[in-house]
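Down below is the structure, laid out as structure tokens.
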Amino acid sequence: MERTGRRPREHIPNSIHHVMIRGNNRQRIFYDKKQFEYFINLLNESTKKYDHTFLGFCLMSNHAHLIIHISHSPLSSVMQNINFRYARWANHNMRRIGHLFQARYASIEINSEEYLINLCRYVHLNPIKARMVHTL
């Protein structure tokens, strides 16, 4: 039986995506302020290297939600850059090896304004619901 690889992700220019990344085995990917700040810096740097903008994001201890407007650069290139750079940096700083993230990132294309509004609400209220913070 011939083994086939994963299907490549479809690139849809000028689209908005809800992207989710999770720690391997649901383990933490962010432990302290320094790690959150480094990841946010990577998000900022990625907007300069690739053609996209972040409409919102939420970093939790073991996962993250990103709302990304993609223009011409493929979402896969954006996420590969962010995830690879963060995993390499985090593994080095925590003196660990192996996978940091569980599988590939998940993404859902946002096709309606109503869904986008509800998603923004969900993403920004996620830390409150998880009792990580009391207010936004």
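Can you confirm whether region 96-109 contains a residue that is of a type outside the set (Phe, Trp, Tyr), part of a helix (DSSP H, G or I) and more than 12 Å from the chain's Cα centre (by Cα)?
Taking every residue of region 96-109 in turn, none turns out to be of a type outside the set (Phe, Trp, Tyr), part of a helix (DSSP H, G or I) and more than 12 Å from the chain's Cα centre (by Cα).
Give the number of residues within region 21-35 that are of a type outside the set (Val, Ile, Thr) and open to solvent by less than 50 Å² (accessible area, probe 1.4 Å).
Step one: list which residues in region 21-35 are of a type outside the set (Val, Ile, Thr), which gives 22-28, 30-35.
Then drop every residue that is not open to solvent by less than 50 Å² (accessible area, probe 1.4 Å), which leaves 23, 30, 35.
Number satisfying all stated conditions: 3.
Cβ-Cβ distance below 7 Å, separation of 6 or more or different chains: which pairs start in region 81-92 with a residue that is under 13 Å from TYR31 (Cβ atoms) and end on one that is open to solvent by 20 Å² or more (accessible area, probe 1.4 Å) and hydrophobic (A, V, I, L, M, F, W, C)?
ASN91/ILE97
Free of Cβ contacts under 8 Å to residues at least 12 places away in the same chain, open to solvent by less than 60 Å² (accessible area, probe 1.4 Å) and farther than 21 Å from PRO8 by Cα - does that describe any residue in region 111-132?
The answer is yes; a qualifying residue exists.
Scan region 1-45 for residues that are hydroxyl-bearing (Ser, Thr, Tyr) and out of contact with any strand residue (DSSP E or B) (no Cβ under 7 Å at 6 or more places or on another chain) and jot them down.
Let us first name the residues in region 1-45 that are hydroxyl-bearing (Ser, Thr, Tyr), namely 4, 15, 31, 38.
Residues satisfying the conditions are THR4, TYR31, TYR38.
The values are calculated or read from the model by the stated rules, or taken from the named source; none is laboratory data. Keep in mind that this is a model prediction, so the values were computed, not measured. Reconstructed Cβ throughout: ideal geometry from the backbone, glycine too, with neighbour counts over all protein chains shown. For accessibility, only protein heavy atoms count, side chains too; no ligands or nucleic acids. Shrake-Rupley method; radii C 1.70, N 1.55, O 1.52, S 1.80 Å.
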